[in-house]
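This report refers to the structure that appears directly beneath it.
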Amino acid sequence: MTHTRYAFVKANWHSDIVDQALEGFQQLIPADQIDVYDAPGAFEMPLLARDLAQTGRYAAIACAAFVVDGGIYRHDFVAKAVVDGLMRAGMDTGVPVLSVSLTPHQYQETDHHNAIYRAHFVEKGREAAQAAMTITKTRASIVQAA
């Protein structure tokens, strides 16, 4: 069976920036084919992605977060844990899990930087949608060829 639904998980930290990735994702995949889920932060996304993948409802799952320095944990530690966890969720379940997680080295919470990252997240959302559709099509062609 070919799935036509996608899950989109977004971290609530810096939601004014992160939510822009969903906007970009919806530019290529219709909103009525996307189930949207909020995660408290980036660190919680792999578990949620795995749980969603295990439902068997989704062709792919995209996860978006903006991990910046200055929190309780060093951003590089969190970013590595998140990306490793997302990859593991995909490998363990067989459902593609895509990362739209950005970790800037020089982020400052200014109007200028926020505008740059909002625009960048829209583009990254479009790229994730394209990747989701491509991997879905490629995997379907592998099944058909077998």
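General remarks:
- Given their separation in residues at 0.36 nm each and the Cα-Cα distance between them, E123 and M91 gain 9.0 nm when the chain is fully extended.
- Given 16 as the ceiling on other Cβ atoms within 10 Å, longest exposed-site-free region of the chain for trypsin sites (Lys or Arg not before Pro) in DSSP loops: 75-146
- All-pairs alpha carbon distance profile, the chain, 10 Å steps from 0, percent: 12, 43, 32, 11, 2, 0
- When only the Cβ of Lys, Arg, Asp and Glu is charged (+1, +1, -1, -1), the dipole of the stretch 79-146 relative to its Cα centre reaches about 260 debye.
- Between the beta carbons of H113 and S15, assuming R0 = 22 Å, the FRET efficiency works out to 0.90 to the nearest 0.05.
- Expressed as a whole percent, the accessible surface of the stretch 10-146 that belongs to carbon and sulfur atoms is 55, based on a 1.4 Å probe.
- For the chain, share of DSSP beta bridges that run antiparallel, in % to the nearest 5: 0
- Label positions at S141 and D38, each projected 7 Å from the Cα along the C-beta direction, are separated by 4.0 nm.
- Summing charges over neighbours of R57, with a neighbour being any other residue whose Cβ is under 15 Å away from its Cβ, gives -1 when K and R count +1 and D and E count -1.
- For the pair M133 and R5 in one chain, pulling the backbone fully straight at 0.36 nm per residue adds 45.0 nm over the alpha carbon distance.
- Percentage relative contact order, the stretch 20-146, counting C-alpha pairs under 8 Å, at least six apart: 38
The values are calculated or read from the model by the stated rules, or taken from the named source; none is laboratory data. In this text, all values refer to a predicted model and were calculated from it rather than measured experimentally. Quick reminder, even Gly has a Cβ in these numbers, built from the backbone with ideal geometry, and neighbours come from all protein chains shown. For the accessible areas, the whole protein counts, side chains as well, though only heavy atoms, and no ligand, DNA or RNA atoms are used. Shrake-Rupley method; radii C 1.70, N 1.55, O 1.52, S 1.80 Å.
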